[in-house]
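The values are calculated or read from the model by the stated rules, or taken from the named source; none is laboratory data. Since the model is a prediction, treat every value here as computed from it, not as a measurement. Ideal geometry is used to build each Cβ from the backbone, glycine not excepted, and the neighbour counts take in all protein chains shown.
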Amino acid sequence: MKVPRFKNLKEEREFWDTHDSTDYHDDFKITKNVVFVRPKKEVISLRLEPKFIRRLRELADKEGLPPFPFLSIIVKKEISYGSDEPHRPHNK
């Protein structure tokens, strides 16, 4: 069996909650000498209006993530665009 592609982490979590990984053994690769290193991080404080916090929670929930890790992903993506100009979503 092949492991399906997932739209988001929530979908992946739901899949693995109802499936046994041993059924997908052939789809995994054996890896040796795996080292998990957490990058050094600093904490910043961000004050937002309650309406933004509510919206953040809604968006994070759709992705199956807690709000602040989701916010961290958004910030990292924004900074990673490589431009001095901030990314602006298209107006609809």
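Suppose the filter is under 21 Å from the mean Cα position of the chain (by Cα), assigned to a loop (DSSP other than H, G, I, E, B) and not aliphatic (A, V, I, L, M); does GLU11 pass it?
no
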Residue pairs qualifying under the 7 Å Cβ cut-off, at least six apart or on distinct chains, with the first in the range 1-14 being within 18 Å of LEU59 (Cβ to Cβ) and the second being in a loop (DSSP other than H, G, I, E, B) and among the hydrophobic types (A, V, I, L, M, F, W, C), are LEU9/LEU65; GLU12/PHE6
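Go through the range 42-70 and count every residue that is in a loop (DSSP other than H, G, I, E, B) and more than 23 Å from ARG13 (Cα to Cα).
Our first condition is that a residue be in a loop (DSSP other than H, G, I, E, B); within the range 42-70, this holds for 42-49, 64-66.
Still in the running and more than 23 Å from ARG13 (Cα to Cα): 42-49.
Total meeting the criteria: 8.
With the condition kept exactly as written, say whether any residue in the range 21-43 is among the hydroxyl-bearing types (Ser, Thr, Tyr) and surrounded by 10 or more Cβ atoms within 10 Å (Cβ to Cβ). Can you show your working first?
We begin by selecting, within the range 21-43, every residue among the hydroxyl-bearing types (Ser, Thr, Tyr); these are 21-22, 24, 31.
Adding the requirement that they be surrounded by 10 or more Cβ atoms within 10 Å (Cβ to Cβ) leaves 21, 24.
Yes - at least one qualifying residue is present in the range 21-43.
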Out of (1) surrounded by 10 or more Cβ atoms within 10 Å (Cβ to Cβ); (2) among the charged types (D, E, K, R); (3) modelled with pLDDT of 90 or more, the one GLU49 does not meet is (1)
